[in-house]
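Structure, as structure tokens:
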């Protein structure tokens, strides 16, 4: 999640909600530069992902998969995925200070070997990194509210080879914001949690 968020709010205490690091407090900038996804919304989202059609042979999502956290901000979504069994999380974030905070949190969790970080704009991701961190099976996109950048970034990530066929994508937007269905994706779910909406898309194969 990048800077200049709207609406702004004091992030307060942000904690891991589930998995092996449940209850661990995350360091989050308190200068208003990020807007972490609320604990309630995160818990509800991961409950959805861990059930039904979203399960894999390894178990409930995100167990055993590669995850991409775009517009990472605090990194709360990606770090939650690590706690719940993701094999690897790649963070795409423009702000170097936010990336340092994410790395610090991952080190405190003992998960520094399971992350990679790239200082990039999600709408211009560039070539995929070397090392097997992608293609991702699950991607989170939490762009600034009312920007429409989540859908734009998703298309560009798919074009550049960052996403696996049949990848799931979660775009977080403001409650009053229209969400465009990106080309090559189908909307499979949408839920509203207070000031935010979580829309889940699945990429078509090919």
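Some points to look at:
- Look at (1) outside any loop (DSSP other than H, G, I, E, B); (2) at negative phi and you find that residue 134 fails only one, number (1).
- Unmet criterion (only one of (1) within 17 Å of the chain's Cα centre (by Cα); (2) in contact (Cβ under 8 Å) with a residue 60 or more places away in the chain) for residue 203: (2)
- Unique residue being assigned to a loop (DSSP other than H, G, I, E, B), over 26 Å from residue 85 (Cα atoms) and in contact (Cβ under 8 Å) with a residue 60 or more places away in the chain when the list is 144, 127: 144
- Filter result (farther than 22 Å from residue 29 by Cβ and touching a helix residue (DSSP H, G or I) at 6+ places or on another chain (Cβ under 9 Å)) within the range 114-127: 114, 123, 124, 125
- Some residue of the range 106-122 being surrounded by 20 or more Cβ atoms within 10 Å (Cβ to Cβ), assigned to a helix (DSSP H, G or I) and in contact (Cβ under 8 Å) with a residue 60 or more places away in the chain: no
- Scanning the range 158-177 for residues that are farther than 20 Å from residue 53 by Cβ and crowded, with 24+ Cβ neighbours inside 10 Å returns 162, 172, 173.
- Test: residue in the range 147-157 that is in a loop (DSSP other than H, G, I, E, B) and surrounded by 22 or more Cβ atoms within 10 Å (Cβ to Cβ): no
- Residue list for the range 158-181, filter: assigned to a strand (DSSP E or B) and either under 19 Å from residue 67 (Cβ atoms) or out of contact with any helix residue (DSSP H, G or I) (no Cβ under 9 Å at 6 or more places or on another chain) (or both): 163, 164, 165, 166, 167, 168, 169, 170, 171, 172, 174
- Residue list for the range 74-105, filter: more than 14 Å from residue 14 (Cβ to Cβ), in a helix (DSSP H, G or I), touching a helix residue (DSSP H, G or I) at 6+ places or on another chain (Cβ under 9 Å) and free of Cβ contacts under 8 Å to residues at least 60 places away in the same chain: 81, 103
- Residue 194 fulfils the conditions (1) at pLDDT 95 or above; (2) surrounded by fewer than 22 Cβ atoms within 10 Å (Cβ to Cβ) except for a single criterion, (1).
The values are calculated or read from the model by the stated rules, or taken from the named source; none is laboratory data. It should be emphasised that the depicted structure is a prediction, and the values quoted were computed from it without experimental measurement. Please note: Cβ atoms are built from the backbone with ideal geometry, for glycine as well, and neighbour counts cover all protein chains shown.
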